[in-house]
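The values are calculated or read from the model by the stated rules, or taken from the named source; none is laboratory data. Here the structure is a predicted model, which is why all the values come from computation and not from measurement. Neighbour counts are summed over all protein chains in view; Cβ atoms, including those assigned to glycine, are modelled from backbone coordinates with ideal geometry.
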Amino acid sequence: MSAFVNFAAYQLAWFAVVLGAARGLAWAGASVAILVALLHLGLRRDARELRLIGLSALIGLLVDSVLAITHQVHFAGWPLDVAPYWMLSLWMAFATTLNHSLRWLMSRPVAAALGGALGGPLAYLAGAQLGALSIPAAATALPLIALLWTAAMLALSMFMRRTSILSPPARVPA
């Protein structure tokens, strides 16, 4: 899959999840994001990609649960103080970009951390503008989002380096 197709698939998932949550159809957006992740896994056939998606979902559960528990972010239509399932599906779709369209970023841990510090808050602001979430106190929430996303991207980058996922998968002879 080309980097452009990978990026476009993630953008489709992002908009489906965000607009679905904003319109009370979170299940539909989550279905699109999960489909993107499953198609990616079917095309890649690499167990390391599955582990990366799983780790990303776990990190997303932690990041978005911290934001919900601390009431820095309120997710549309989600009454619990834990990350909503549709955000976890988005983290899964996001993971499909890490070794492909974002490979250039993830191969450099410091750059990945900086990307998280900038990209994380911008994504949540965009989600808020589209109605998928609200940020009651941006002055405190945005620095926390930046901090959490810095740590998340650094952890994902280090995982990728440690598991050698940044190198091409070994081909098994037929």
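Only one residue in MET87, MET158 is within 19 Å of LEU61 (Cβ to Cβ), modelled with pLDDT of 95 or more and in a helix (DSSP H, G or I), so which one is that?
MET87
Would you be able to tell me the number of residues in the range 35-69 that are touching an Asp or Glu at 6+ places or on another chain (Cβ under 9 Å) and hydroxyl-bearing (Ser, Thr, Tyr)?
Residues meeting the conditions: 1.
Of the numbered conditions (1) surrounded by fewer than 22 Cβ atoms within 10 Å (Cβ to Cβ); (2) closer than 25 Å to ASN6 by Cα, ALA95 fails exactly one; give the number of that condition.
Of the numbered conditions (1) surrounded by fewer than 22 Cβ atoms within 10 Å (Cβ to Cβ); (2) closer than 25 Å to ASN6 by Cα, the odd one out for ALA95 is (1).
May I ask you to say which residue of ALA21, ALA76, ALA28, ALA9 is of a type in the set (A, V, I, L, M), in contact with a helix residue (DSSP H, G or I) (Cβ under 9 Å, 6 or more places away or on another chain) and closer than 20 Å to LEU156 by Cβ?
Only one candidate qualifies: ALA9.
Confirm whether THR97 is within 14 Å of the chain's Cα centre (by Cα) and closer than 26 Å to PRO143 by Cα.
Considered against the rule, which asks whether it is within 14 Å of the chain's Cα centre (by Cα) and closer than 26 Å to PRO143 by Cα, THR97 comes out as yes.
Residues being modelled with pLDDT of 95 or more, in contact with a Leu (Cβ under 7 Å, 6 or more places away or on another chain) and not hydrophobic (A, V, I, L, M, F, W, C): count how many of those fall in the range 47-66.
Going through the range 47-66 one residue at a time, the tally reaches 2.
Six or more apart or on different chains, Cβ atoms under 6 Å: show the pairs whose first residue is in the range 45-63 and closer than 19 Å to HIS100 by Cα and whose second is not in a helix (DSSP H, G or I).
ASP46/PRO169; ARG48/THR163; ARG48/ILE165
Out of all the residues in the range 28-67, which are acidic (Asp, Glu) and either closer than 19 Å to TYR85 by Cα or outside any helix (DSSP H, G or I) (or both)?
ASP46, ASP64
Could you say whether any residue in the range 44-51 is crowded, with 16+ Cβ neighbours inside 10 Å and among the basic types (Lys, Arg)?
Yes, that holds for at least one residue.
Out of (1) crowded, with 18+ Cβ neighbours inside 10 Å; (2) closer than 21 Å to TRP149 by Cβ; (3) touching a helix residue (DSSP H, G or I) at 6+ places or on another chain (Cβ under 7 Å), the odd one out for TYR85 is which?
(1)
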